[in-house]
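The values are calculated or read from the model by the stated rules, or taken from the named source; none is laboratory data. Since this is a predicted model, take the numbers as computed values, not measurements. Ideal geometry is used to build each Cβ from the backbone, glycine not excepted, and the neighbour counts take in all protein chains shown.
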Amino acid sequence: MLNELAHFGLNISLVLAVLGSIVPLIGASLRRTDMMQIAPVFAILQFGLVGFAFAALIIAFVGSDFSLRVVVLNSHTLKPMLYKVAGVWGNHEGSLLLWVLILTMFAACAAWFGRNLPHTLYARVLAVQSAITAAFLLFVLLTSNPFERVSLPPFNGQGLNPLLQDPGLAFHPPFLYLGYVGLSVTYSFAIAALLEGKVDASWGRWVRPWTLAAWIFLTIGIGMGSWWAYYELGWGGFWFWDPVENASFMPWLISTALLHSAIVVEKRESLKAWTILLAILAFGFSLIGTFIVRSGVLTSVHAFASDPMRGAFILYILAFFFGGALLLFAVRAKVMESRGVFAVLSRESALVANNLLLAISCFVVFVGTVWPLIAELIMDRKLSVGPPFFDLAFTPFIVALAVILPIGSTLPWKRAKSRHLTGLWPVALLCLGLVGLAWAMQTGRSLLGPVGLGLAAWLVVGVVVELYQRVGRGAGKIMRLFRLRLADWGKATAHAGLGITIFGVAGLTAWQVEDIRVMQLGETVELAGYSLTLNSVENTKGPNYLTTLSTLELRRNGVLLTELKPERRYYPVAEMPTIEAGIDSAFFRDVYVVVGDQQDNGGFAVRTFVKPLANWIWSGAIIMALGGLISMFDRRYRVAASRRINVKKAAI
Amino acid sequence: MKRSMTIFILCFWGALGSAVEPNELLNDPILETRARVISQALRCTQCRNESIDESNADIAKDLRLLVRRRLVAGDSDTEVVNYVVARYGEYVLLKPNIIGINLVLWLSGPFILLLTLFGLFLLSRKVENCSIAKLTDQEEKKIKDLLLR
């Protein structure tokens, strides 16, 4: 009964979404307040109804209601509670419902926090958001109804893909969706601005918190996914350039560019058309990502639920919202005249360079991702584009970005002089020194490590120098440091986070040590100053799996550091094995052990890695997200609305 | 879904967690390093986007052994790769050849960069001209008058 109510609620919600997109749009162009006023009411009602449906689905999963098809296919009574709940979005139907829930949630948030916006802009933003919701609800109801029943409910379900039964992956999709879908709000703002024919500094200020929120979630989501791949897939890689990973990375790159160009709109009323285009592209790439993951046109390690029919539907949604937006942009972009002129050497130019490099690197990822598809469709050739391509084609742009970042962020707006750069010379020399030192220590090996370290140091020290310059000279420096705006702190934190991630990537790629061998029980292996003893290998049982648990002692200079317990699990319901690596994390390195099959001579295949700076990759991502969060709480976003009213009064 | 699951199981089954098994390794460390580098750039034909160095599928193991046999027989790195490509097609190359139509793939990034830089250059000149030629003769005169006053 509850399920039918939920299904019915989704239908009502669809009707509301369709009405909520048409009526306020008409109202906004006719300047009819009564028609515009239904937008926020409908937005909140949609959120309520979809929220109810989602809650019903969670109840079905938690209570193992095997009369629902999705529950049969993706759950099992023996599964731990956490994964029963996570199972809701561990499949196509449920994850799509989560997607719609987040869409309506953002619409409701926009309805709540945007009350101070100009009426027509407010109505249009909510109407566009409502149109997106309508499209996705239609998609859910027509092709992927989570409340479909089975005629003969079985006694038990078929379980969830064991690889997904992991805390890291349980929360990875919600974060990623919050990011993807958060970009829909910026998209709605962009379309509304195009319809209004007006983009000004206050528009930039309204859009920025939404972009920041989406970006923070995307950063955390991608970081989590990468961390999961690191410890779960068993060879300790952190990024595979897999189509699905790229699908989440492309919106991240574009939204990073958007974050920066929106600052230029806000502060200098320049780059308006470009910022609107980025807002459209960012959500466009989210849709492309959804298409890639769910249509199955591109095979990848972790794409799930592929179905050509669903792919076609997303393609229509993509064509309508992406194509339509671009068309509207082409027609209306002329309206947005930029005001601020700037010199070649200025903060604006640096931000243009940032945007350029991010957009092009995104383009490279995009071409690399779809190239196999193009090759097969047009040239009838089956080929692959893998990590070696991306490493070569993508990295130079990011290196260039990292090189200009500290320079750009210290430049003044509008027009800079070369003397503004002098503060950075000592930093550059220091970093070059570090490169030289690292290179001398490892002559004959790849330059990647030293260059990466140098860049990372350049970023982090650049941030410190910038803060130092901001507080100026004389007494009271510390006090002035505390009086810096939160946006400045956010910027510094996020940039330092990027530096830390680059430290990690460089360290891990250049100085990882690996050992593969057969070990007998009690045998000890020496690797990079560590010694590892295989103590025991035993078979035991987990809540819903069988496991082979190995115990190894990790020592350094004879001192026992820790016991590592790598596992190989077998999930009987899904008939699938998984591995859990044994990892000892420390500030400067991870020791990573995987124990494999028993060999003919009775020993076990043991693969050991020492991974320098591994943790820095994800810590950097967290710090970046934290920077975004700090920035979001900057005073000017909280007072933006009241300031607008004051300006109006002053004008009168 | 079923098929993808089967592929998944094939790839992760068996020698789980230890894609490269100890008994596959060559005794000569230099040859072994070369073998690892080569296998990281070759794709497992059965799996989804994994190199033979990472994959646990049987075919990947066969390919790893094949690469090592060729290396021991004295092939150069390119010869080994060509040998595998001749038998399994260009699909196995994770790094597409930089020839023919693939040039589009490889050069798209740099090409767009140059294009936009050129565009920005034109734009900046236009903006400069605009801002310079903003004052009309009358305005110039007005300013002069004001200054002389």
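Here A:TYR530 fulfils each of the conditions (1) in contact with a Ser or Thr (Cβ under 8 Å, 6 or more places away or on another chain); (2) at negative phi apart from (1). Criterion applied to A:ALA6, A:ALA53, A:ALA43, A:ALA60 was being crowded, with 18+ Cβ neighbours inside 10 Å and closer than 30 Å to A:SER202 by Cα, and the one residue passing it is A:ALA43. Candidates in the stretch B:1-30 are the residues that are surrounded by 14 or more Cβ atoms within 10 Å (Cβ to Cβ) and more than 10 Å from every other protein chain (Cβ to nearest Cβ); of these, the one that is modelled with the highest pLDDT is B:LEU26.
A single member of A:LEU121, A:LEU49 is in a helix (DSSP H, G or I), farther than 21 Å from A:LEU194 by Cα and at pLDDT 90 or above, and it is A:LEU49.
Is it the case that A:TRP252 is at pLDDT 90 or above and closer than 16 Å to A:SER188 by Cα? Quick ask: steps written out before the conclusion?
Working: at pLDDT 90 or above: yes; closer than 16 Å to A:SER188 by Cα: no.
No, not satisfied.
State whether one or more residues within the stretch A:353-360 are within 12 Å of chain B (Cβ to nearest Cβ), part of a loop (DSSP other than H, G, I, E, B), surrounded by 18 or more Cβ atoms within 10 Å (Cβ to Cβ) and in contact with a helix residue (DSSP H, G or I) (Cβ under 6 Å, 6 or more places away or on another chain). The answer is no; no qualifying residue exists. Residues in the stretch A:463-475 include none that are at pLDDT 85 or above, on the phi < 0 side of the Ramachandran plot and small (Gly, Ala, Ser). Given the criteria within 19 Å of the chain's Cα centre (by Cα) and within 11 Å of another protein chain (Cβ to nearest Cβ), does A:VAL364 qualify? So A:VAL364 passes the test. Scanning the stretch A:190-211 turns up no residue that is under 19 Å from the mean Cα position of the chain (by Cα) and under 20 Å from A:PHE291 (Cβ atoms). Comparison of A:THR133, A:THR143 shows that the only residue that is hydroxyl-bearing (Ser, Thr, Tyr) and at pLDDT 95 or above is A:THR133. The residues in the stretch A:267-297 that are farther than 30 Å from A:PHE139 by Cβ, away from every other protein chain (no Cβ under 14 Å) and touching a Ser or Thr at 6+ places or on another chain (Cβ under 8 Å) can be counted, and the count is 2. Note on the stretch B:35-149: enclosed helices (runs of 4 or more DSSP H) holding 1 or more residues that are under 30 Å from A:ASP597 (Cα atoms) and either modelled with pLDDT under 85 or under 24 Å from the mean Cα position of the chain (by Cα) (or both) are B:58-72, B:77-88.
So is A:SER384 within 32 Å of the chain's Cα centre (by Cα), in a loop (DSSP other than H, G, I, E, B), surrounded by 15 or more Cβ atoms within 10 Å (Cβ to Cβ) and small (Gly, Ala, Ser) or not? Criteria met by A:SER384. Among residues belonging to the stretch A:482-517 that are touching a strand residue (DSSP E or B) at 6+ places or on another chain (Cβ under 6 Å) and aliphatic (A, V, I, L, M), point out the one that is surrounded by the most Cβ atoms within 10 Å (Cβ to Cβ). If we take residues in the stretch A:482-517 being touching a strand residue (DSSP E or B) at 6+ places or on another chain (Cβ under 6 Å) and aliphatic (A, V, I, L, M), then A:LEU508 is surrounded by the most Cβ atoms within 10 Å (Cβ to Cβ). Restricting attention to the stretch A:596-610, does a residue exist that is outside any strand (DSSP E or B), closer than 29 Å to A:ILE502 by Cα and within 12 Å of chain B (Cβ to nearest Cβ)? No - not one qualifying residue is present in the stretch A:596-610.
Condition first: of a type in the set (A, V, I, L, M, F, W, C) and within 14 Å of chain A (Cβ to nearest Cβ). Now tell me which residues in the stretch B:64-88 satisfy that. Steps first, please.
Start the filter on the stretch B:64-88 by keeping residues that are of a type in the set (A, V, I, L, M, F, W, C), which leaves B:65-67, B:71-73, B:80-81, B:84-86.
Those that are of a type in the set (A, V, I, L, M, F, W, C) and within 14 Å of chain A (Cβ to nearest Cβ): B:VAL81, B:VAL84, B:VAL85.
Kindly indicate whether any position in the stretch A:579-593 is within 12 Å of chain B (Cβ to nearest Cβ), modelled with pLDDT under 90, within 17 Å of B:LEU25 (Cβ to Cβ) and surrounded by fewer than 24 Cβ atoms within 10 Å (Cβ to Cβ). No, the conditions are met nowhere in the stretch A:579-593.
For B:LEU94, the criteria (1) facing another protein chain (nearest Cβ under 8 Å); (2) touching a helix residue (DSSP H, G or I) at 6+ places or on another chain (Cβ under 6 Å); (3) hydrophobic (A, V, I, L, M, F, W, C); (4) surrounded by fewer than 21 Cβ atoms within 10 Å (Cβ to Cβ) hold in every case but one, which is (4).
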